[in-house]
Structures are given as C-alpha cells and as structure tokens.
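Here's the structure we're looking at; comments come further down.
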Amino acid sequence: MNPVSGYIRFDEIQLNLGNGNISTTGSTLSANINGMAESMVQGAFFGPNAQAVGGSFHAREMDRTRYIGIFGGNR
C-alpha cells in the first residue's frame, strides 16, 4: 500500500506520485514521480492535527526537461 498518493498538475503535464513513504518517527513524507528518469518529492505535515502540508519537488525526463517547484495545502 502506498500511503502517499496523488499528483501535481500543471497546464502542460500531470506528475503522478508513486513509491511514497510517511515517516513513523516524524511528520515528513517522501515520494517519487512516476515515469521520470530522476525525481524526488519531500514534504512535512504541520499543525496540531497535521492539517497542513508543504514541501518541494523536482523531476527530470529522459530528454532533460526539468520540473522544479514547491507545494502546499490543507484540509
């Protein structure tokens, strides 16, 4: 089971998350982006009930096209 799922979407592309992991000792998460030559998603949960998340990501396709950014959200 993958405890980290979802996507980061732009007008040009949707980056689907895979191989995710949530730390059992902290409030952090990590994942890869499916179909990329190289990728990493890192983030952390914030607040008393982990109601917010923020982090960064990067990905590189085989043709060297790169996607780099930050994200945030809450429930």
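The values are calculated or read from the model by the stated rules, or taken from the named source; none is laboratory data. In this text the structure is predicted, and so the values were computed from the model without any measurement. All Cβ positions, even for glycine, are placed from backbone atoms using ideal geometry, and neighbour counts span all protein chains on display.
Take the conditions polar (S, T, N, Q) and touching a Leu at 6+ places or on another chain (Cβ under 9 Å) and apply them to N74. Does it pass?
no
Checking M36 against (1) exposed (fewer than 11 other Cβ atoms within 10 Å of the Cβ); (2) of a type in the set (A, V, I, L, M); (3) modelled with pLDDT of 95 or more, which single condition isn't satisfied?
(1)
Under 8 Å between Cβ atoms, which residue pairs at least 6 apart in sequence (or on different chains) link something in region 43-71 that is over 21 Å from S5 (Cβ atoms) with a partner that is basic (K, R) and surrounded by 13 or more Cβ atoms within 10 Å (Cβ to Cβ)?
Note: pairs meeting the criteria are R66/R60.
If you take the residues of region 48-65 that are surrounded by 11 or more Cβ atoms within 10 Å (Cβ to Cβ) and over 11 Å from the mean Cα position of the chain (by Cα), which of them is nearest to D11 (Cα to Cα)? Don't jump to the end; show me each part of the working.
Step one: list which residues in region 48-65 are surrounded by 11 or more Cβ atoms within 10 Å (Cβ to Cβ), which gives 50-61, 65.
Among the residues that remain, those that are also over 11 Å from the mean Cα position of the chain (by Cα) are: 50-52, 60-61, 65.
On the way: A50: 29, Q51: 27, A52: 24, R60: 17, E61: 17, T65: 15 Å.
Per the criteria, the residue is T65.
For I70, indicate whether it is aliphatic (A, V, I, L, M), at pLDDT 95 or above and either part of a strand (DSSP E or B) or within 11 Å of the chain's Cα centre (by Cα) (or both). Working first, answer last.
Values: aliphatic (A, V, I, L, M): yes; at pLDDT 95 or above: yes; either part of a strand (DSSP E or B) or within 11 Å of the chain's Cα centre (by Cα) (or both): yes.
For I70, the condition - aliphatic (A, V, I, L, M), at pLDDT 95 or above and either part of a strand (DSSP E or B) or within 11 Å of the chain's Cα centre (by Cα) (or both) - is met.
Suppose the filter is among the aromatic types (F, W, Y), in contact with a strand residue (DSSP E or B) (Cβ under 8 Å, 6 or more places away or on another chain) and surrounded by 14 or more Cβ atoms within 10 Å (Cβ to Cβ); does F45 pass it?
Working: among the aromatic types (F, W, Y): yes; in contact with a strand residue (DSSP E or B) (Cβ under 8 Å, 6 or more places away or on another chain): yes; surrounded by 14 or more Cβ atoms within 10 Å (Cβ to Cβ): yes.
Yes; evaluated as a whole, the condition is true for this residue.
Would you point out the residue of region 1-22, among those that are among the β-branched types (V, I, T) and within 15 Å of G35 (Cβ to Cβ), that is surrounded by the most Cβ atoms within 10 Å (Cβ to Cβ)?
So the residue we want is I8.
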